[in-house]
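Here, each number is a calculation from the coordinates, and none is a lab measurement. These numbers come from a predicted model, not from an experiment. Glycine gets a Cβ as well: all are built from the backbone with ideal geometry, and neighbour counts include every protein chain shown.
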Amino acid sequence: MKHPLAVLALAACCAGAVPIAAAQMKHDSRGTAQGMQAHEATGKVTKVDRSAGRVTIAHGPVASLKWPAMTMPFEVKDKALLDKAKEGQTIQFSFVESGRKYIVTAIK
């Protein structure tokens, strides 16, 4: 019976270390966490959803991910970025992959 308690104690200790490690992550000038690859693309804004913090972009190929051209929604790191994205506008943008999400970190 001592073994299950040891596993729970170990899991609790490890869970507490994750937020600490995330807080200690360094960020580059674009606000991208170091160790996360930033990807660059150009595309046309097809939808801006301010309440959800998302922008849908019909972008060209993304060589760093070996992606073809496609239209997809992206979350934004900061909702203030949405001020730079107007429907119908062509933009250059940077984004990172975070789990199963793609997050815009900069719009030019």
Neighbour-count order for 44, 77, fewest beta carbons within 10 angstrom listed first: 44, 77
Using a 7 Å offset from the Cα along the Cα-to-Cβ direction at both residue 101 and residue 75, what is the distance between the two label points in nm, to one decimal? 0.1
